[in-house]
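The values are calculated or read from the model by the stated rules, or taken from the named source; none is laboratory data. Predicted model, so just to flag it, every value in this text is computed and none were measured. Here the Cβ positions follow ideal geometry from the backbone for every residue, glycine too, while neighbour counts run over all protein chains shown. Ligands, DNA and RNA are stripped out before the accessible areas are found, and what is left, the full protein with its side chains, is counted by its heavy atoms. Shrake-Rupley method; radii C 1.70, N 1.55, O 1.52, S 1.80 Å.
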Amino acid sequence: MPFKNHLQNELGLVSKNPVDITQYSREDFLRYYNSVYDPENPTQYEQVLAQAAKKHEGEMKILAARTLPVQ
């Protein structure tokens, strides 16, 4: 579950955008396991982080729309 919690914290609120773990590869899991996972302190779902990630995503979409070159 720590891997799923990590993904959800990055993706946004579980109630709005639940993680579909089947969309991630073994390499994604191994990258998490080898560089982020701490067995003494497993990743927990944190609603505040998830909210911040969703807000950041929205801000980046607005910024990208403003900076796209005119064709």
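Just a few scattered comments:
- Considering residues of the stretch 22-36 that are more than 13 Å from Glu10 (Cβ to Cβ) and free of Cβ contacts under 8 Å to residues at least 12 places away in the same chain only, the residue surrounded by the most Cβ atoms within 10 Å (Cβ to Cβ): Leu30
Condition check ((1) hydroxyl-bearing (Ser, Thr, Tyr); (2) out of contact with any Leu (no Cβ under 7 Å at 6 or more places or on another chain)) across all residues:
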{"site": "Met1", "(1), (2)": "no, yes"}
{"site": "Leu7", "(1), (2)": "no, yes"}
{"site": "Glu10", "(1), (2)": "no, yes"}
{"site": "Asn17", "(1), (2)": "no, no"}
{"site": "Thr22", "(1), (2)": "yes, yes"}
{"site": "Ser25", "(1), (2)": "yes, yes"}
{"site": "Phe29", "(1), (2)": "no, yes"}
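- Pair list, Cβ under 7 Å, 6 or more apart: the stretch 37-53 residue under 18 Å from Asn17 (Cβ atoms), other residue open to solvent by 80 Å² or more (accessible area, probe 1.4 Å): Ala53/Glu10
- Residues of the stretch 1-16 satisfying the condition of being open to solvent by 50 Å² or more (accessible area, probe 1.4 Å), part of a loop (DSSP other than H, G, I, E, B) and closer than 21 Å to Gly58 by Cβ: Val14, Ser15, Lys16
- Filtering the stretch 40-51 for residues that are touching a Lys or Arg at 6+ places or on another chain (Cβ under 9 Å), open to solvent by 50 Å² or more (accessible area, probe 1.4 Å), modelled with pLDDT of 90 or more and not in a helix (DSSP H, G or I) leaves a non-empty set.
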